[in-house]
Amino acid sequence: MHCYFHLVHTHERILDETGIEVSDIEAAHYQALKAIQELRQDGESDEIDWRGWQLEVVDESGKILLSIPLDTSQH
C-alpha cells in the first residue's frame, strides 16, 4: 500500500507529495516513527517547537491511518 506522511498543525500542513510503498499498517507505523526520529535528530530540531504538531499517515485515498503527536517522546 502507498502511504503519505503529512506534518499537521492546527492551521498549517506540510504535505508529503511522494509517499512510500509499505507492506502493511505496521510497516507504515515503523516508517512514521523513523521519520519522527530523523526530524528530532536534525540539527535545527532543538529550535523547533513541535507542540501541537502531528505526523499523519494517510493512504492513497486520503484516509488517515495513523496520527502520531510530535510533542511526546516515541519509543
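The values are calculated or read from the model by the stated rules, or taken from the named source; none is laboratory data. Note that the coordinates shown come from a computational prediction; the quantities given were computed from them, not determined experimentally. Neighbour counts run over all protein chains shown; Cβ positions are idealised from the backbone, glycine included. Protein only, heavy atoms only, side chains kept; ligands, DNA and RNA dropped before computing areas. Shrake-Rupley method; radii C 1.70, N 1.55, O 1.52, S 1.80 Å.
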| query | Are any residues in the stretch 3-17 open to solvent by 80 Å² or more (accessible area, probe 1.4 Å) and under 13 Å from GLU60 (Cβ atoms), and if so, which ones? | reply | GLU17
| Could we say that HIS29 is of a type outside the set (Asp, Glu), more than 13 Å from GLU56 (Cα to Cα) and open to solvent by 70 Å² or more (accessible area, probe 1.4 Å) here? | no
